[in-house]
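Input: a single structure, listed below in structure tokens.
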Amino acid sequence: MNSKILVSAELKNINQQYPDRSLVLTNGCFDLLHIGHIYFLAEASKLGDLLLVALNSDKSVRRLKGSGRPVFELSERMEIIAALEMVDLVVSFEEPTCRRVITEVRPDIYVKGGDYTSETLPEAETARRVGAELKFIPLTVERSTSQIIQQIVSSHNREDEVIQ
């Protein structure tokens, strides 16, 4: 197991382990990693000293995205994200939102993509309550995992039509 990958019980000790470092937290499904994810994580990592990425569990992804997701199971997604140089720590969570992780970690900065605002972000109030600064990174690359999956399915369907 990668040393960057934490179990949930280790979250409460993060600030004691890194007392003089600013902690940036983000979360998401990060299924089928693409250039938009890479750009987002690179920008998020510049906001502080440590970047912690919290990944939705497989069950949580299915609730959010539907029965065909995730494409990659949690253990693979965690290894892939942990392999990125700009990511310092990775953890998973079961809940529909990242509120528990925010409460336990108490990050200096909580960051999400520019498709959210402080009004639409479910975790915004929790982040404010623990003293985290909210930051939103503009989405400069119009890619989404759902779009990629749809493109693959459409391409596959077109190939089936050509064969018939």
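Since every read-out is calculated from the coordinates, none of them should be taken as a lab result. For clarity, every value in this text was computed on a predicted model and none was experimentally measured. Note that we place each Cβ from the backbone using ideal geometry, even for glycine, and neighbour counts take in every protein chain shown.
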How much net charge surrounds GLU94 when only the other residues with a Cβ under 11 Å from the Cβ of GLU94 are counted, with Lys and Arg +1 and Asp and Glu -1?
-> +1
Ranked from highest to lowest mean number of other Cβ atoms within 10 Å per residue, what is the order of the peptides 27-35, 121-129, 63-71?
-> 27-35, 121-129, 63-71
What's the extension gain from SER67 to ARG129 if we count 0.36 nm per residue and subtract their Cα-Cα distance?
-> 18.9 nm
